[in-house]
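Here's the structure we're looking at; comments come further down.
The values are calculated or read from the model by the stated rules, or taken from the named source; none is laboratory data. Fair warning: this is a prediction, and the values are worked out from it, not measured in the lab. Cβ coordinates were reconstructed from backbone atoms using ideal geometry, including for glycine residues, and neighbour counts include every protein chain displayed.
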Amino acid sequence: MPDDPKACDSALRSTIDPKPTVKSVNQGPDSSPADLSIGAFSEAAPWIIEPANISWLSGIEALRRGVAREIPIALKRPRTPPIGRFLKVVGSIGLVLLRWYLFDRGKERSKAQLSEGLRKSFERLGSTFVKLGQIISGGEGLFPEELVAQFRLLRDRVPAESFDDVRTVVEAELGRPISAVFEYFDETPLAAASIAQVHAARLRTGEEVVVKVQRPRVQELVRKDIATLSWLAPFFVGRIPVAALANPPALVELFAETVLEELDFRLEASNMLDVAAILARTEQSAIIVPRPHPTLVTRRVLVMERLSGFSYDDVDGMIAAGIDTSALLRAGLISFLEGALLYGVFHGDLHGGNLFVLPDGRTALLDFGITGRLSDAKRSALLRLLLGGSLGDLRGQLEGLRDLGAFPMDTDLDAVIADLGLDGPVKDPTRMNADELTSELRDLTKKLLGYGARVPKELMLFVKNMVFLDGATATLAPDLDILGEIMHVFTYFQEHHGERLAAELGLDPNEHLEINMDSVRGSMGIDEQIDTLTYAEVKARRDLISQRMKGRRIAR
């Protein structure tokens, strides 16, 4: 959780105060919806957002602080776990581990078999473990590819609740019969996720909407499962070969921080307005957010504007409509970085199911249950981490990581640099054999854990989004020059935000910073002579490394 989200929330609130000149639902001073001046929304406004008149926004900062206070309480290891749930979890996961230990350990597909078994176990254990699996599925680079690939299957394998249960939740939350609010309510959900499911509907006032409804028993189940996982996690340290750098206790902490925020849809609706405000303030007109309803938002129900468009991977459809997919990708990257680096707020769960492309080429962001929020101190640390990478400042990068929480504050950074060999020549992984690669990775992981390294929530969400945008390049712009794009983004931030960022980092605003492309190439393990590098070439390098690693496992 952010150190103190109150200051960040207060600043954002000031950016979305209503203008006093709102004239009607569809007309502002320039005949466009009046709320476009305070948020990146659609032009076909079903209603106008006036934050001062939205009752569910009242006390939202106190609500967010309350969730932050609840997290350490929920994570406190109980003397005894919830017995019934504990036995079910141990029985399911324990059976998978025992089967792997007795029959699959040391074999060619050992990790694949274990990953598949864990995924099936998480499916059987229900919505909380499905959510945990979904979080792990975004940890590419932190977890083995076999585990990530298996847990990605959990994104679309959640059975829907019965409509009777959905009706009960909606009517209890809104305080009236469903027919009194909705002219039409589709009983078949558009999608069913671990925490909630969404339904298409039409209000009695005629607006087409999407209704997000929380699963009826998920609140109690989440808290029981956090208690169970907190009790179990210490026993799994060093015992699960797919645990990677995010050791089990740290993973449970990350899970609790993430999922407890999702259990109150008022926070999600507030996140929607905050991200929309940032997009408007940075003039990122290529990205929009659905409007949450001014009155139909509660703890377990969220009614929002319905938008439609192309699936994010429907490249053929977008190209046929004349949409520049490279520009679309660039706008997504820059808007994400601006939100994180300038305001400390960003959509924390970018994936193909949470965004789509409108016919006019703009991207619509969906599902703001997971939203990254950085305190000013952590935002400054992230800035230093990224700037250090661009300028070749190794110590600055490590200081940024430390201040984000990836290392203990008393870590001797000079010792880290020397011990990990970071001050030496960069090794090209494509020129290393399988044994050398494996040894390097094992040694690096062991040393990082020895320094108390962990992956803080905000950093994991940021990295997870960058991994998604990296993968989206393969679909939307495989021939994009990655090196040229890095230079473009650096130049954009220097031209548009250079003075502000220099002031925040204590740099001379008159000094023109030059990106160190040799350092960038070094971080990617490529020769200094390379001037262009397409995503297709990056993928070929990764495939080569992956094949060598697989070849080593087969040889053993």
Criterion: more than 20 Å from Leu342 (Cβ to Cβ), buried (at least 16 other Cβ atoms within 10 Å of the Cβ) and modelled with pLDDT of 85 or more - qualifying residue of Phe462, Phe407:
Phe407
For the stretch 271-289 the number of residues that are in a loop (DSSP other than H, G, I, E, B) and surrounded by fewer than 22 Cβ atoms within 10 Å (Cβ to Cβ) is 5
Taking the options Ser326, Ser375, Ser308, name whichever one is among the polar types (S, T, N, Q), surrounded by fewer than 20 Cβ atoms within 10 Å (Cβ to Cβ) and under 21 Å from the mean Cα position of the chain (by Cα).
Ser375
Being at pLDDT 90 or above, assigned to a helix (DSSP H, G or I), farther than 28 Å from Phe462 by Cα and not β-branched (Val, Ile, Thr) narrows it down to one residue among Leu118, Leu95; which is it?
Leu95
With respect to Leu387, is the statement that it is crowded, with 20+ Cβ neighbours inside 10 Å and at pLDDT below 95 true?
yes
Given the conditions (1) more than 30 Å from Ala406 (Cβ to Cβ); (2) buried (at least 21 other Cβ atoms within 10 Å of the Cβ); (3) not small (Gly, Ala, Ser), report the number of the one that Leu147 does not fulfil.
(1)
Scan of the stretch 174-194 for residues that are touching a Lys or Arg at 6+ places or on another chain (Cβ under 6 Å) and crowded, with 22+ Cβ neighbours inside 10 Å, ordered by number:
Ser194
Pro249: surrounded by fewer than 23 Cβ atoms within 10 Å (Cβ to Cβ) and in a strand (DSSP E or B), yes or no?
no
In the stretch 62-70, is there at least one residue being more than 25 Å from Pro234 (Cβ to Cβ) and touching a Pro at 6+ places or on another chain (Cβ under 8 Å)?
yes
Could you give every pair whose Cβ atoms fall below 6 Å, whose first residue belongs to the stretch 358-382 and is without any contact (Cβ under 8 Å) to a residue 60 or more places away in the chain, and whose second residue is surrounded by 21 or more Cβ atoms within 10 Å (Cβ to Cβ), counting only separations of at least 6 or pairs across chains?
Arg379/Gly344; Ala381/Gly400; Ala381/Leu404
Does the stretch 504-516 contain at least one residue that is modelled with pLDDT of 70 or more and part of a helix (DSSP H, G or I)?
yes
Where the second residue is in a helix (DSSP H, G or I) and the first is farther than 13 Å from Pro189 by Cα and lies in the stretch 163-175, which pairs have Cβ atoms under 7 Å and are six or more apart or on separate chains?
Val170/Ile178; Glu171/Ile178; Leu174/Val181
Count of residues meeting criterion [outside any helix (DSSP H, G or I), assigned by TED's automatic domain parsing to the domain that holds Leu132 and over 16 Å from Leu125 (Cβ atoms)] in the stretch 54-92:
5
So which strands (runs of 3 or more DSSP E) stay within the stretch 137-237 end to end and still have 3 or more residues that are more than 30 Å from Arg109 (Cα to Cα) and small (Gly, Ala, Ser)?
196-203
